[in-house]
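The values are calculated or read from the model by the stated rules, or taken from the named source; none is laboratory data. Everything numeric in this text was worked out from a predicted model, so none of it was measured. Accessible surface areas use protein heavy atoms only, side chains included; no ligands, DNA or RNA. Shrake-Rupley method; radii C 1.70, N 1.55, O 1.52, S 1.80 Å.
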Amino acid sequence: MKRLEELRKDRGVTKAAVQRMLGVSRPTYDRYELYPGEMRAKDLDLVCDFLHIEKSDIFLATEES
């Protein structure tokens, strides 16, 4: 399983860009990266669309883990 931060960085997207797209404060997005399970469902959908990832990329373990 990759952390949200790793997935974001893999795509060359800044934390500020995701935060602005969601319309949340920096501390709120920082918390999302640390604890993605606390993210509101609509924000999770927006982040996944924005980063072109699946929810399973964040929450399900892979053989690499």
For this session: Roll a 1.4 Å probe over the protein chains and send me the accessible area per residue for the chain in Å².
Result: 66
For this session: Please build a GNM for the chain, connecting alpha carbons under 10 Å apart, and tell me which residue among Lys42, Lys55, Lys15 fluctuates the most.
Result: Lys42
For this session: Roll a 1.4 angstrom probe over the protein heavy atoms and tell me the percent of accessible area of the chain that is carbon or sulfur.
Result: 51
Exercise. So what's the projected area for the chain, the Cα convex hull averaged over all directions, in nm²?
Worked result: 3.9
